[in-house]
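Got a structure for you, questions after.
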Amino acid sequence: GAVVSQHPSWVICKSGTSVKIECRSLDFQATTMFWYRQFPKQSLMLMATSNEGSKATYEQGVEKDKFLINHASLTLSTLTVTSAHPEDSSFYICSANTGPQDTQYFGPGTRLTVL
Amino acid sequence: GQNIDQPTEMTATEGAIVQINCTYQTSGFNGLFWYQQHAGEAPTFLSYNVLDGLEEKGRFSSFLSRSKGYSYLLLKELQMKDSASYLCAAPTGANNLFFGTGTRLTVIP
């Protein structure tokens with residue numbers, strides 16, 4: 001149980017385009033989903049927390065107009081990187097849990113490369 | 001605020017035992033997680049400690065001392081596939097996880 005999927009697993013795009021990443025909890029209902037970014041040889045940095053049906057809470061320094069998060073259902077959250085630039089190239093990972101302090105289960109990650 | 005300290009890198013021999021330490025300072029305490037992350041992959045859950053003491057799960061054990069703000073992950077009978085980063089993480093009051101920078105473990109033959 002507790003499987004989280006992400007799609008796509010990797011994407012290469014041109015600078016200025018937008019990219020959408022999906023995160024799904026496959027066998028449980030995720031009250032909360034989290035989006036992380038990880039640069040090479042660095043730890044995971046939380047970008048935002050989203051609860052189903054409400055606006056995402058963004059961490060300091062993360063532009064909410066650039067990283068659009070939609071959590072339309074208890075099993076799906078999407079992250080859209082708008083007008084992507086090379087510095088947005090990173091490993092984006094989502095996670096989900098069923099309640100506060102519950103274990104977070106991670107998706108397999110999406111590697112974004114912006115040319 | 002939150003702070004987590006772990007050694008950056010460790011090397012150990014196949015078949016040996018290795019202990020990865022983590023010290024933490026958190027506002028409030030809601031347990032401590034350990035995750036394993038292989039290069040290029042997402043983290044996978046290893047353990048969650050909320051009470052003091054040692055919890056054993058096969059080759060992996062995790063220890064917690066709340067009074068000392070200290071935890072360790074113990075890996076026994078090391079295998080080559082155990083080469084990975086091991087992340088210590090603490091829940092925040094906002095239902096987030098605050099991660100340490102991780103310890104990159106290299107297992108050598």
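Any read-out appearing in this document is the output of simple, stated calculations on the displayed coordinates, not a laboratory observation. Just so we're clear, the structure is a prediction, and the values are computed from it rather than from any experiment. Please note: Cβ atoms are built from the backbone with ideal geometry, for glycine as well, and neighbour counts cover all protein chains shown.
Can you tell me the dipole magnitude for chain A around its Cα centre, using point charges on the Cβ only (Lys, Arg +1; Asp, Glu -1), in Debye to the nearest 20?
Charge dipole of chain A: 260 debye, to the nearest 20.
While we're here: Within the range A:78-115, which residues have the backbone N less than 16 Å from the label spot 7 Å out from B:THR44 along Cα→beta-carbon, could you tell me?
What the label zone holds, given the 16 Å backbone N cut-off, is A:104-109.
Here is a further query. Counting only other chains, and only Cβ atoms inside 10 Å, what mean value do you get across the residues of B:37-45?
Other-chain Cβ atoms within 10 Å of each residue's Cβ, averaged: 6.
Dividing the convex hull volume of the alpha carbon atoms of the protein assembly as shown by its residue count, what do you get in Å³ per residue?
Expressed per residue, the convex hull around the Cα atoms of the protein assembly as shown is 118 Å³.
Taking every pair of distinct Cα atoms and averaging 1/r, then inverting, what Kirkwood hydrodynamic radius in Å comes out for the range A:1-87?
So the Kirkwood estimate lands at 13.7 Å.
If the chain between A:LYS66 and A:GLN42 were fully stretched, how many nm would it gain, using 0.36 nm times the residue separation less the Cα-Cα distance? Before the final figure, lay out each step's value.
Numbers: separation 24, 0.36 × 24 = 8.64 nm, distance 2.19 nm.
Contour length minus Cα-Cα distance gives 6.4 nm.
Given the C-alpha centroids of the range B:1-62 and the range A:60-91, what is the distance between them in whole angstrom?
After rounding, the separation between the Cα centres reads 29 Å.
Roughly how many nanometres apart are two label points built 7 Å out from the Cα toward the Cβ at A:LEU76 and B:GLU77?
Those two pseudo-labels are separated by 4.4 nm.
Ok, one more. Kindly rank A:43-52, B:58-67 from highest to lowest mean number of other beta carbons found within 10 Å of each residue.
The peptides rank, most packed first, as A:43-52, B:58-67.
Please compare each pair in A:LYS20/A:LYS41; A:LYS20/A:LYS66; A:LYS41/B:LYS68 to a cut-off of 18 Å on the Cα-Cα distance and tell me which ones are over it.
From A:LYS20/A:LYS41; A:LYS20/A:LYS66; A:LYS41/B:LYS68, over 18 Å: A:LYS20/A:LYS41; A:LYS41/B:LYS68.
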